[in-house]
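These notes concern the structure reproduced below.
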Amino acid sequence: MFSLITTATRYRRYALASLCLLMTMPSMAQSVITLNANGSSAAAVTLRYAEPVRLTQVVSDSLKQRTLTEPPYWLGSSLSITTELKTKQALITQLTQLSQQHRDDAVISGSFANTAQWIQQHIHHQRLPVSIDIDKVRLNKTDNPLLNGNYQLQLANRPTSVVIIGAIEKPQTMKWQPRMAAKEYLAQVTPLTIAANSEVTVIQPDGVIQQHPIAYWNNNHNDIAPGAIIYLGYDALFHDYSGLNQAISSMLINRTL
């Protein structure tokens, strides 16, 4: 498993690079935003702008399209590029190959296959590391990039669950509980024999990656927000799955609510 410091640093560099890209792209004829104003289950609408547009304007216009009385779940709301993720198929291929390599153990083989299937079904586009919270966007210039091109904006509804995925038989959706730590969620599933046992990776609903300790010797409470993903990494004495764990964690930040 990789360290929180390394992950946080990579995420900040990725965020800065993505924001710079958004702000420096040459002008196009229009910017097109595919909007899910009432969560993913509602019909999408299209917002069109004749020129590049600031995120604050798009979020303001999107709120006018929202018909639900409760405000969006800002922590889980997201902005994505509509092109297909280039690394997604390579990761699915790797997981499929691992499933075949472990076909003598049905549970481990099934875990790799089920993880691949979940990623295929739930990860679609590259999520940009920008806050959608209208107050943050208005107050901070760095949170208000110039959008130029085609995007998907999701105003999420507050979820009532978390997802556990990785070194378990198959991904599980658990009811979110206030102040419940990763170790307590994991107590409701059966880890594989090749599961990491000292910490898990938590992808919070805003895409931020955190490492949460789960062993008796390093156990420390960390809050988990509704809609988070708890990724239990693959680990084994004679296999190094650190690269795989990093690839999966990096892919999971693109999940949208």
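The values are calculated or read from the model by the stated rules, or taken from the named source; none is laboratory data. Because the structure is predicted, anything quoted here is derived from the model rather than measured. Don't worry about glycine lacking a Cβ; one is built from the backbone with ideal geometry, like all the others, and counts go over all protein chains shown. The protein model used for the area step is the full one, side chains on, heavy atoms only, and it has no ligands, DNA or RNA in it. Shrake-Rupley method; radii C 1.70, N 1.55, O 1.52, S 1.80 Å.
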Exercise. Considering only T93, T34, T201, give the residue with the highest GNM mean-square fluctuation for the chain, with springs between Cα atoms whenever their separation is below 10 Å.
Key: T93
Quiz prompt | In degrees, nearest ten, helix 106-122 long axis to first principal axis of the chain (Cα) | solution = 0
Quiz item: Between P129, P178, P145, which gets the highest mean-square fluctuation from a Gaussian network model of the chain, Cα cutoff 10 Å?
Solution: P178
Exercise. Using the heavy atoms of the protein chains and a 1.4 angstrom probe, tell me the accessible area per residue for the chain in square angstrom.
Key: 51
Quiz item: How far is helix 88-101 tilted, in degrees, relative to the longest principal axis of the Cα atoms in the chain, given as a value from 0 to 90 rounded to the nearest 10?
Solution: 10
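Relative contact order of the chain, please, whole-number percent, based on alpha carbon pairs below 8 angstrom and at least 6 residues apart.
Details: 496 pairs, mean separation 62.9, N = 257.
For the chain, the relative contact order is 24 percent.
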Quiz item: Fully extended, how many nm does the chain gain between M174 and K64 (0.36 nm per residue separation, minus their Cα-Cα distance)?
Solution: 36.3 nm
Practice problem: Along each of the three principal axes of the Cα atoms of the chain, give the extent in whole Å, ordering the values from largest to smallest. | Solution: 57, 36, 34
Quiz item: Stretch K141-T193 to full length: gain in nm at 0.36 nm per residue minus the Cα-Cα span?
Solution: 13.9 nm
Exercise. Round to a whole angstrom and tell me the spacing of the C-alpha centers of the stretch 79-140 and the stretch 157-190.
Key: 17
Quiz item: Relative contact order, percent, of the stretch 126-255 when contacts are C-alpha pairs under 8 Å separated by at least 6 residues?
Solution: 26
Quiz item: If r is the Cβ-Cβ distance from Q57 to Q89 and R0 is 35 Å, what FRET efficiency results, to the nearest 0.05?
Solution: 0.50
Self-check item: Amide H partners (placed H, <5 Å) of N150, local residues excluded
Solution: V32
Quiz item: What residue among K183, K175, K88 has the largest mean-square fluctuation in a Gaussian network model of the chain, using Cα springs under 10 Å?
Solution: K175
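What does the extension gain come out to for S41 and A247, with contour length at 0.36 nm per residue minus their alpha carbon separation? Let's see the in-between values first.
Numbers: separation 206, 0.36 × 206 = 74.16 nm, distance 2.82 nm.
Extra length available between S41 and A247 comes to 71.3 nm.
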Quiz item: Where nothing but the Cβ of Lys and Arg (+1) and of Asp and Glu (-1) is charged, how large is the charge dipole of the chain around its Cα centre, in debye to the nearest 20?
Solution: 600
